[in-house]
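Take a look at the structure set out below.
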Amino acid sequence: MPVDEPMPATHRAVEAVWRIEAARLIGGLARVVRDVGVAEDLAQDALVAALEQWPATGIPDKPGAWLMTIARRRAVDGVRREIRLAEKVAELGRTLERAADVEVDDQVEDDVLRLMFTACHPVLTPPSRAALTLKMLAGLRTEEIARAFLVPTTTMAQRIVRAKKTLADARVPFEVPTGADLAPRLASVLGVVYLLFNEGYSATAGPDLVRPALCAEAMRLGRVLAALAPDEPEVHGLAALMELQASRLRARTDAAGEIVTLLDQDRGRWDRLLIQRGLACLDRAIALGGGTGRYTVQAAIAAFHARARTPEDTDWGRIATLYTTLSRVAPSPVIALNHAVAVSMAEGPAAALPLVDALVAAKALAHYHLLPAVRADLLTKLARRTEARAEFERAATLTENTRERALLLSRAAECSTGARTTSESLVPDSAVGRESIKD
């Protein structure tokens, strides 16, 4: 990278590296220092060093290894400065020397899995677990997480600090639980793995709709969990759901990175291997008795899309029925919104609009951009274009994702020109499970 490259471009590159490497870096450090809060501080120190040095030196060939090396040095320096015990320095130094001899990727799987179970420990509240996961595994900035939770940045910063302190005070071990300790922790971990997947599948903020690396990491963790708990149906249900959703990743954007909605996607670009794997996982979940689990039901919905060779082949009536089941199993306003979209596809927009209007009146999704987007979509189909335009414009003000905002504003403009709008809303393809961010 040239020395005279503009600083903003370098910062963007550093941020991209950070989002890819954060979970591995923090996990590897936590294994050594045994404290996720300290591990994150060390990782942040390495990030600051990268921001200071990479504009002049360029991005290293192995940026993750570079960050790990800097963080390890800071760990040793911290021990020398704060503890000042020669034997502790020697012990830590030997540990780090052994770790330095091993390629980072050799221990990534164990480290990230340990980090995930630590961040999802029951001593933390569910919102704190989700926030810490997004911070440490997804590499999101505090302000981005705050937007996802619809709370002020200062509130989210305090929540994350308290969560790390709670883990430290409780002396939570940095390990994967076994035996009887595994089951109580598994549901929380499944929730945050899917949260991680959703952030990759439909980014909360930024210039890109999708972050495939996060989806891939979540799917890898899902497969690890399936091997760890092979008789738990919801583990296989979640694996099925992620595989089936991810099969559409390549078709969700065009060559310019713009959104391609579900019914307009080139289904020839859907990944048939992922679909086969997802359907196999779904069969496994159902065989284990998990047919009514929240992830298995969502996977069954995704399977109807995956099996439909054309948009017209989609059985929206069955999908609407499954959403009714899901509303009983895991009731939430977002699931209700997805159900309304399925009803509109199965029975028409007039049948769905009262369902959406009820959600508007309830105000639980007052700041959720897909609610006015769905309402606008229904109003457009009912030829109420002036109202639809106002709703699309409102939806555009509520999203922090550049690609989504562009699509919504484009739809608003189409309402004035009378041009054909995309035939369905974003909800069925991108929002299933998004409610877990705010639970």
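The values are calculated or read from the model by the stated rules, or taken from the named source; none is laboratory data. On a predicted model such as this, the values are computed, not experimentally measured, just so you know. Cβ coordinates were reconstructed from backbone atoms using ideal geometry, including for glycine residues, and neighbour counts include every protein chain displayed.
Of everything in segment 304-317 that's out of contact with any helix residue (DSSP H, G or I) (no Cβ under 6 Å at 6 or more places or on another chain) and of a type outside the set (Val, Ile, Thr), which residue is nearest to Leu195 (Cα to Cα)?
So, considering only residues that are out of contact with any helix residue (DSSP H, G or I) (no Cβ under 6 Å at 6 or more places or on another chain) and of a type outside the set (Val, Ile, Thr), the one nearest to Leu195 (Cα to Cα) is His305.
Somewhere in segment 290-297, is a residue surrounded by 21 or more Cβ atoms within 10 Å (Cβ to Cβ) and hydroxyl-bearing (Ser, Thr, Tyr)?
The answer is yes, given that some residue of segment 290-297 is surrounded by 21 or more Cβ atoms within 10 Å (Cβ to Cβ) and hydroxyl-bearing (Ser, Thr, Tyr).
Going residue by residue through segment 140-154, is there one that turns out to be assigned to a loop (DSSP other than H, G, I, E, B) and surrounded by 21 or more Cβ atoms within 10 Å (Cβ to Cβ)?
Within segment 140-154, one or more residues are assigned to a loop (DSSP other than H, G, I, E, B) and surrounded by 21 or more Cβ atoms within 10 Å (Cβ to Cβ).
Of the residues that sit in segment 164-175 and are among the hydrophobic types (A, V, I, L, M, F, W, C) and either out of contact with any helix residue (DSSP H, G or I) (no Cβ under 8 Å at 6 or more places or on another chain) or closer than 14 Å to Asp41 by Cβ (or both), which one is surrounded by the fewest Cβ atoms within 10 Å (Cβ to Cβ)?
That would be Ala170.
Taking the condition of a type outside the set (A, V, I, L, M, F, W, C) and within 17 Å of the chain's Cα centre (by Cα), does Pro212 pass?
yes
Can you tell me which residue within segment 44-71, out of those that are free of Cβ contacts under 8 Å to residues at least 24 places away in the same chain and within 19 Å of Arg141 (Cα to Cα), is farthest from the chain's Cα centre (by Cα)?
Glu52
Quick test for you: out of Ala71, Ala23, pick the one residue that is in a helix (DSSP H, G or I), modelled with pLDDT under 80 and within 28 Å of Leu113 (Cα to Cα).
On inspection, the qualifying residue turns out to be Ala23.
Can you tell me which condition Thr321 does not meet? The list is (1) modelled with pLDDT under 95; (2) closer than 30 Å to Leu353 by Cβ; (3) surrounded by fewer than 20 Cβ atoms within 10 Å (Cβ to Cβ), and all the others hold.
For Thr321, the exception is condition (1).
Of the numbered conditions (1) assigned to a loop (DSSP other than H, G, I, E, B); (2) among the small types (Gly, Ala, Ser); (3) more than 23 Å from the chain's Cα centre (by Cα), Ser344 satisfies every one except a single condition; which is it?
(1)
Checking Arg328 against (1) surrounded by fewer than 22 Cβ atoms within 10 Å (Cβ to Cβ); (2) in a helix (DSSP H, G or I); (3) touching a helix residue (DSSP H, G or I) at 6+ places or on another chain (Cβ under 8 Å), which single condition isn't satisfied?
Going through the list (1) surrounded by fewer than 22 Cβ atoms within 10 Å (Cβ to Cβ); (2) in a helix (DSSP H, G or I); (3) touching a helix residue (DSSP H, G or I) at 6+ places or on another chain (Cβ under 8 Å), Arg328 breaks only (3).
Given the criterion at pLDDT 80 or above and among the hydrophobic types (A, V, I, L, M, F, W, C), identify the matching residue among Leu96, Leu85, Leu51.
Among Leu96, Leu85, Leu51, only Leu51 is at pLDDT 80 or above and among the hydrophobic types (A, V, I, L, M, F, W, C).
Restricting to segment 367-387, what's the tally of residues that are under 14 Å from Asp357 (Cβ atoms) and in contact (Cβ under 8 Å) with a residue 12 or more places away in the chain?
Residues that pass the stated criteria total 9.
A quick yes/no check of all residues on (1) assigned to a helix (DSSP H, G or I); (2) β-branched (Val, Ile, Thr); (3) buried (at least 16 other Cβ atoms within 10 Å of the Cβ):
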| residue | (1), (2), (3) |
| --- | --- |
| Lys135 | yes, no, yes |
| Ile160 | yes, yes, yes |
| Ala187 | yes, no, no |
| Gly200 | yes, no, yes |
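Criterion first (among the hydrophobic types (A, V, I, L, M, F, W, C), crowded, with 17+ Cβ neighbours inside 10 Å and more than 20 Å from the chain's Cα centre (by Cα)) does Leu274 satisfy it?
no
Of all the helices (runs of 4 or more DSSP H) wholly in segment 207-298, which have at least 1 residues that are basic (Lys, Arg) and more than 28 Å from Ala23 (Cβ to Cβ)?
Because the criterion is at least 1 residues that are basic (Lys, Arg) and more than 28 Å from Ala23 (Cβ to Cβ), the helices (runs of 4 or more DSSP H) in segment 207-298 that meet it are 272-287.
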